[in-house]
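Note sheet for the following structure.
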Amino acid sequence: MDNQAYLDQISTPTSAPKTKNSNNSFLKQVFIALGIAVGLFALIAIFGGIISANRVSEKDSAIALKLRSDNLQTVITEYNKSIKSSDLRSTNTSLAGILSDVSTTLANYISDSLSLKQKEYTKKVVDKENTALEELKNELFEAKINGMIDRTFARKMIYETQNLINYENTLKKATGNASLKSYLSSSANSLTVLHDTFSAFSENN
């Protein structure tokens, strides 16, 4: 081999290791891993949001039950004198007694255990309960002027007593207070009896 051939040989670059494909493969794996991590994080956030949205706080549950009890007492006071059936008036009076006890119990619990004043009640909950009250009063007013107050009142109280039971069960799940849980269970049992009484009146008239 002459000198020129030798120089040509050593000056020719040797083949470099093929790192391009391996680098691309590594980057691809990194991006896949990142994509999976981001996807899992998004799923966790979504499910966490759903659970959080479905979970009703003890505070809002107590406020809603207290306000609903107050509002229904107002309705009974306003319309009971217009009801013709003595049995229905008597059932309404019994319901008013339960509602008064629930309201007092919840007012004390919200004030003492939750350390909330009335002005601190959640606006969204207050607005919802006020809207429900106005809708109920409007429907009962229409029933009264159309001579259907007894039937309509009984039908609405079937709905309202079941609603109260649902409110109490929701609060019972939200609170860790054993005494309040026991009270709510007893109150729900009493409301169930009145719910059945209202249902029987509705079916027989």
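Tally up the residues in segment 147-171 that are basic (Lys, Arg) and crowded, with 19+ Cβ neighbours inside 10 Å, please.
Number of matching residues: 1.
Considering only segment 88-99, I want to know if a residue exists there that is touching a Phe, Trp or Tyr at 6+ places or on another chain (Cβ under 7 Å), modelled with pLDDT of 95 or more, in a helix (DSSP H, G or I) and not polar (S, T, N, Q).
Scanning segment 88-99, I find at least one residue that is touching a Phe, Trp or Tyr at 6+ places or on another chain (Cβ under 7 Å), modelled with pLDDT of 95 or more, in a helix (DSSP H, G or I) and not polar (S, T, N, Q), so the answer is yes.
Pairs only if they're at least six apart or on different chains, beta carbon under 7 angstrom, first in segment 121-132 and touching a residue at least 40 places away in the same chain (Cβ under 8 Å), second open to solvent by less than 70 Å² (accessible area, probe 1.4 Å) and of a type in the set (Lys, Arg); list them, first residue then second.
GLU129/ARG68
Within segment 193-205, count every residue that is touching a Ser or Thr at 6+ places or on another chain (Cβ under 8 Å) and either open to solvent by 30 Å² or more (accessible area, probe 1.4 Å) or without any contact (Cβ under 8 Å) to a residue 60 or more places away in the chain (or both).
The number of residues fulfilling the criteria is 4.
Would you pick out the residues in segment 123-174 that are over 29 Å from SER185 (Cα atoms) and among the aliphatic types (A, V, I, L, M)?
Scanning segment 123-174 gives LEU140, ALA143, ILE145, MET148, ILE149.
Return the only residue of LYS181, LYS119, LYS144, LYS137 being in contact with a helix residue (DSSP H, G or I) (Cβ under 9 Å, 6 or more places away or on another chain), within 22 Å of SER57 (Cα to Cα), open to solvent by 30 Å² or more (accessible area, probe 1.4 Å) and in a helix (DSSP H, G or I).
From the options LYS181, LYS119, LYS144, LYS137, the qualifying one is LYS181.
With the condition kept exactly as written, say whether any residue in segment 57-64 is open to solvent by 30 Å² or more (accessible area, probe 1.4 Å) and not in a helix (DSSP H, G or I).
yes
Identify the single condition in (1) among the small types (Gly, Ala, Ser); (2) over 25 Å from the mean Cα position of the chain (by Cα); (3) open to solvent by 70 Å² or more (accessible area, probe 1.4 Å) that SER85 does not satisfy, given that it satisfies every other one.
(3)
Just a yes or no: is a residue in segment 29-52 of a type in the set (Ser, Thr, Tyr), at pLDDT 60 or above and in a helix (DSSP H, G or I)?
Within segment 29-52 (the criterion being of a type in the set (Ser, Thr, Tyr), at pLDDT 60 or above and in a helix (DSSP H, G or I)), the answer is no, since none of the residues qualifies.
Being of a type in the set (Val, Ile, Thr), modelled with pLDDT of 95 or more and in contact with an Asp or Glu (Cβ under 9 Å, 6 or more places away or on another chain) narrows it down to one residue among THR192, THR197; which is it?
The unique qualifying residue is THR197.
Which of (1) in contact with a Leu (Cβ under 6 Å, 6 or more places away or on another chain); (2) farther than 19 Å from LEU72 by Cα is the odd one out, the single condition LEU106 does not satisfy?
(2)
Yes or no: ASN108 without any contact (Cβ under 8 Å) to a residue 24 or more places away in the chain and assigned to a helix (DSSP H, G or I)?
Spelling it out, ASN108 is indeed without any contact (Cβ under 8 Å) to a residue 24 or more places away in the chain and assigned to a helix (DSSP H, G or I).
The values are calculated or read from the model by the stated rules, or taken from the named source; none is laboratory data. The model shown is predicted, which means the values in this text are computed figures rather than measured ones. Glycine gets a Cβ as well: all are built from the backbone with ideal geometry, and neighbour counts include every protein chain shown. Note: areas computed on protein heavy atoms with side chains; ligands, DNA, RNA excluded. Shrake-Rupley method; radii C 1.70, N 1.55, O 1.52, S 1.80 Å.
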